[in-house]
Amino acid sequence: MAYCLRHFAEYDLMRGCSLCHRDDVDRDRKAALDIAREQVEQMKRARDEDEHERSRRKREAERGEEARSDAELEIALREISEREAHDRAESQRLEAEHRRFNPGDYICPSCLYQTLRRGAKRCPVCQGDVAGDYWDSLERAERQRVAEEIADREAAAAEARRLHDEAAERDREVRDAVSAHRSAAERGDAEGQYQYARRLHRGDGVAIDYGEALRWYRKAADQGHAWAQCNYASMYRHGKGVTTNYAEALKWFRKAAANGDGLAQSNLGDLYREGKGVPKDFTEALRWFRMAVDQGEAAAQWGLGAMHHDGEGVAQDYGEAMRWYRKAADQGYAAGQCGIGVLYANAQGVAQDYAEALRWYRKAAEQDFPRALACLGIMYTRGEGVTADQAEARNCFRKAAELGDSHAQGRLAAIYCDGLGVAKDFAEGLKWARQSAEQGDAVGESVLGLMYAGGHGVPKDPDEGLRLLRMAAAKGLEEAKKAIALLEREQKKETKGWFW
């Protein structure tokens, strides 16, 4: 709806002003304008239809170009070229037609066509008068728009400066803290030595240097600093900056545990449960885990859950496993989140619920927890709770394998040896199978055994193949048992599949 430029009342092109009832626009001219509008719309629709048809014909020509002879292809391409030339000409004609009806830079408030040059007092199409305040309002709107753009740019620049200043301030604070911790460490202060070692260990404000971190942890540990003792032991346990040495790790974990450190107590529970550096002893593992959970240690909560899950030193109890896993998960502990996923995926103590299993696996995977990534890979392989997607499964297995998960390494080895979604690559398969088998994973041992038995990527050695397969079978892997039976009966000279 336009407005009467004389009375600023509602103005209809067919009936005129609602106050003066004067029809300022010639009816014939209005009819001509309406016809012209319709013609422009028709031309636009025709252009869109032509564009669609041209695209369709071009796609058909491209799909069929391999099957066509050179002559047919040349004809098809010539037709496409001619059509494109015709479309360009038609587009130019439509643009010229549009410019004829919209020759100006501003919209007329009466006919709503873009017909006005700046400052015009009358529309060249509808002959409607243009009031002076129309241009004033446009100028005010333009000034406001420019002012808003300038304000937005200044606000963005101010925000960028603020963020830069905050980052610079944080950097200064970190540098000051590093300097303060180092100065305290060099003065012999145990807390300063621990804090400086921790920064070197994690690369917090300084470059990671495990050797230096180990040296400063030891200095603080010798002064009885429990957290330093625990971290010093942890570096020996995981071989950070030093060769893995479980005996040394146990010695320092015990010192830290005696000083009341819950994480050290949880680590002792892990070592007794796994039999690393000491004979496997579930009773002792349970004792240390229970001491640690009294201090709210999430790792120990997961450890108790795992022992109830597997029936290690206690009667197997999935409900109790879930209870401890949830306590750990509530603290954001990834292993606890993964444990809950396992219970839901395998219907252990709860109704099977793949969606819930996926939810918990993903929570743990977001923290780059290797076993959760491996479990996600299995679900994508089998299509459990998700559409089967071998590419996504492979991605999950690779991430987990690179993070050191032995089962994912074995699965990835099988994928490369079988050529599941990738080209067969026995060298790549051998790399991952060896890493998996070295950690004692049954799948890795089985894949490596099959490679030796069939001479795939390694010299053929049936005896070594059987040895590895028997190790996998002793851990309950049914596929390894089947392979052993086939090899021992000599019913197959070469293995043809990797069973996954």
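For the chain, the longest principal axis of the C-alpha atoms and the axis of helix 282-293 are separated by about 50°. Of the listed residues 236, 354, the order by accessible area with a 1.4 Å probe, largest first, is 354, 236. For the chain, take the longest principal axis of its alpha carbons; what is the angle in degrees between that and the long axis of helix 246-258, to the nearest 10 within 0 to 90? Roughly 80 degrees between the two axes. Annotation: peptides 364-371, 296-303, 178-185, ranked by per-residue average of other Cβ atoms within 10 Å with the highest first, follow the order 296-303, 364-371, 178-185. Relative to the 2.2 N^0.38 Å rule of thumb, segment 367-500 has a C-alpha radius of gyration ratio of 1.00.
Listed peptides 43-53, 187-197, 278-288 appear in the order 187-197, 278-288, 43-53 once ranked by packing, highest mean of other Cβ atoms within 10 Å at the front.
Working from label points 7 Å from Cα in the Cα-to-Cβ sense, the residue 402 to residue 35 distance is 7.0 nm. When its C-alpha radius of gyration is set against 2.2 N^0.38 Å (N residues), segment 177-261 gives a value of 1.00. With θ taken as phi - 60° and the Karplus curve 6.51 cos²θ - 1.76 cosθ + 1.60 applied, the whole-hertz 3J(HN,Hα) list for segment 38-52 is 4, 4, 4, 4, 4, 5, 4, 4, 4, 4, 4, 5, 5, 4, 4 Hz, x standing for glycine and proline.
Pairs of Cα atoms in the chain fall into 10 Å distance bins, from 0 up to the last occupied one, in shares of 4, 11, 14, 14, 12, 10, 10, 11, 9, 4, 0 percent. Of interest is the spacing of the C-alpha centroids, which for segment 309-357 and segment 435-463 amounts to 32 Å. Label point of residue 163 set 7 angstrom out along Cα-Cβ; within segment 129-149, amide nitrogens under 20 Å from it belong to 149.
Under the criterion of Cα pairs below 8 Å and six or more residues apart, the relative contact order for segment 396-437 equals 38 percent. Tell me, what is the FRET efficiency for residue 44 and residue 133 to the nearest 0.05, using R0 = 35 angstrom and their Cβ-Cβ distance as r? Between residue 44 and residue 133 the formula returns 0.55.
Round to the nearest 0.05 the FRET efficiency obtained for residue 368 and residue 88 when R0 = 60 Å and r is the Cβ-Cβ distance.
On the way: r = 54 Å, r/R0 = 0.90.
Computed FRET efficiency for residue 368 and residue 88 comes out at 0.65.
Approximating the spin labels as points 7 Å out from Cα along Cα→Cβ, the residue 247-to-residue 316 distance works out to 3.7 nm.
Counting only Cα atoms, the size of segment 273-318 along its three principal axes is 27, 25, 13 Å, in decreasing order.
My understanding is that a pair violates if its Cα-Cα distance is over 29 Å; which of 255/363; 276/460; 431/481; 276/475 do that in this structure? From 255/363; 276/460; 431/481; 276/475, over 29 Å: 255/363; 276/460. Karplus-based coupling profile of segment 152-164, in residue order and whole Hz: 5, 5, 5, 5, 5, 5, 5, 5, 5, 5, 4, 5, 4, with θ = phi - 60° in 6.51 cos²θ - 1.76 cosθ + 1.60 and x standing for Gly or Pro. Around the amide H of residue 122, modelled in the peptide plane, lie the amide H atoms of 130, all under 5 Å away and 5 or more residues distant in sequence or on another chain.
Based on alpha-carbon centroids, what's the gap between segment 236-287 and segment 158-234 in Å, whole number please? That distance is 25 Å.
Defining a contact as two alpha carbons under 8 Å apart and six or more residues distant in sequence, what relative contact order in percent does segment 205-299 show? Write out the running numbers ahead of the final one.
On the way: 129 pairs, mean separation 18.3, N = 95.
Normalised by residue count, the contact order of segment 205-299 is 19 percent.
Taking all protein chains as they are arranged and a probe of 1.4 Å, the heavy atoms of residue 87 leave approximately 20 Å² accessible to solvent. Across the chain, the mean sequence separation of Cα contacts (distance under 8 Å, 6 or more residues apart), normalised by length, yields a relative contact order of 4 percent.
Relative to the longest principal axis of the Cα atoms of the chain, helix 370-382 runs at roughly 70 degrees. Seen from a random direction on average, the alpha-carbon convex hull of segment 363-419 projects onto 3.5 square nanometres.
Derived scalar couplings between HN and Hα for segment 399-415 equal 4, 5, 5, 5, 8, x, 6, 5, 5, 5, 4, x, 5, 5, 4, 5, 4 Hz in order, rounded to whole Hz, by the Karplus curve 6.51 cos²θ - 1.76 cosθ + 1.60 (θ = phi - 60°), x for Gly and Pro.
I'd like to know how segment 313-354 sits against the 2.2 N^0.38 Å rule of thumb: what's its Cα Rg over that expected value?
On the way: Rg = 10.0 Å, N = 42, 2.2 N^0.38 = 9.1 Å.
Scaled against compact globular proteins, the figure is 1.10.
Between residue 145 and residue 395, the simple label model (points 7 Å from Cα in the Cβ direction) yields a spacing of 4.2 nm.
The values are calculated or read from the model by the stated rules, or taken from the named source; none is laboratory data. These numbers were taken from a predicted model, which means no experiment stands behind them. Note: ideal-geometry Cβ built from the backbone for every residue, glycine included; neighbour counts use all protein chains shown. Side chains included, ligands, DNA and RNA excluded: accessible areas come from the protein's heavy atoms. Shrake-Rupley method; radii C 1.70, N 1.55, O 1.52, S 1.80 Å.
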